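The next block holds one structure in the form of structure tokens; read it before the comments.
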Amino acid sequence: MPTEAQPGPLRVLVFGAALRADSSNARLASLVAQLISDTGATVDHAAMHDFGMPLYDGDAEAAEGLPDGALLLRDRIEQADAFVISSPEYNASVPGLLKNAIDWVSRVRPQPFKTKHAMLVSASPSLVGGNRGLWALRVPLEHLGTRVYPDMFSLANSYRAFAEDGTLIDPGLQQRLSETVAGFLSLVEADVRYVCLERRWYEFLGDRTEASITQRAEE
């Protein structure tokens, strides 16, 4: 059994933020989940369909509380050491479904995004591979205190990018994705294993942990 001296494997939540069954982002999420599993980490592979919730409504929250889908997503995030989102790009930004889920879950107290590590990937038939959407996705996550891995992965021309076995046809892209996943997991492992290190995560240079601008994402 895991102990402080011998901790268990990393736990990573991986989900594709698209509803379409044949979504290339679902395929990319599956590939990332396999790469993570191959390292010995424990993967919680989920889909947006698992977290059904209505559009955020403050009046509904006050009257009925948070929906079950938001609480379930909160639980899955809390149980993981890190999470990976494979998100499509809608009109150069974040899919409304995903942003809505983030908004609902952020209402939990304490909210679960704070200090979690996240890796963002995307697949798109466009030449930019959904990269603009990932930059937009970073904004709410980083505001909530998530440590978003700097190296995002965008897969262009996704309609012809996958081999029958689910890997990427282009060996260079496959290697880059593998290296990105490995680098991300190394960072997560260092944070999880070396808990004696004091965590510092500021929104702006010179911020102090007690500064109100930092506390807003913790409350």
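Tabulated data for the structure shown
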quantity: For Asp75: the one exception among (1) open to solvent by less than 10 Å² (accessible area, probe 1.4 Å); (2) out of contact with any helix residue (DSSP H, G or I) (no Cβ under 8 Å at 6 or more places or on another chain); calculated: (1)
quantity: Residues located in segment 164-192, provided they are outside any helix (DSSP H, G or I) and among the polar types (S, T, N, Q); calculated: Thr167
quantity: Segment 124-135, residues that are open to solvent by 90 Å² or more (accessible area, probe 1.4 Å) and not in a loop (DSSP other than H, G, I, E, B); calculated: Arg132, Trp135
quantity: Test for Gly172: is it more than 22 Å from Val12 (Cα to Cα) and either among the aromatic types (Phe, Trp, Tyr) or modelled with pLDDT under 95 (or both); calculated: no
quantity: Residue in segment 98-123 that is least open to solvent (accessible area, probe 1.4 Å), counting only those that are of a type in the set (Ser, Thr, Tyr) and over 15 Å from Asp57 (Cβ atoms); calculated: Ser122
quantity: Matching strands (runs of 3 or more DSSP E) fully within segment 1-93 where at least 1 residues are at pLDDT 95 or above, closer than 19 Å to Leu120 by Cα and among the hydroxyl-bearing types (Ser, Thr, Tyr); calculated: 42-47, 82-86
quantity: Counted residues, segment 136-159 - those being outside any loop (DSSP other than H, G, I, E, B), closer than 22 Å to Gly183 by Cα and more than 13 Å from the chain's Cα centre (by Cα); calculated: 2
quantity: First in segment 150-173 and of a type in the set (A, V, I, L, M), second anywhere and open to solvent by less than 30 Å² (accessible area, probe 1.4 Å) and part of a helix (DSSP H, G or I), Cβ under 7 Å, 6 or more apart; calculated: Met152/Leu134; Leu155/Leu28; Leu168/Leu177
quantity: Residue count for segment 64-107, restricted to those that are free of Cβ contacts under 8 Å to residues at least 40 places away in the same chain and within 16 Å of the chain's Cα centre (by Cα); calculated: 9
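For (1) in contact with a Leu (Cβ under 8 Å, 6 or more places away or on another chain); (2) closer than 18 Å to Pro140 by Cβ, each residue gets a yes or a no:
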site: Phe51; (1), (2): yes, yes
site: Pro54; (1), (2): no, no
site: Gly58; (1), (2): no, yes
site: Glu64; (1), (2): no, no
site: Ala80; (1), (2): yes, no
site: Glu89; (1), (2): yes, yes
site: Leu98; (1), (2): yes, yes
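The values are calculated or read from the model by the stated rules, or taken from the named source; none is laboratory data. Just so it is clear, the model here is predicted, and its values are computed rather than measured. In this analysis, Cβ positions are derived from the backbone assuming ideal geometry, glycine residues included, and neighbour counts consider all displayed protein chains. Note: accessible area is taken over every heavy atom of the protein model, side chains too, but ligands, DNA and RNA are not part of it. Shrake-Rupley method; radii C 1.70, N 1.55, O 1.52, S 1.80 Å.
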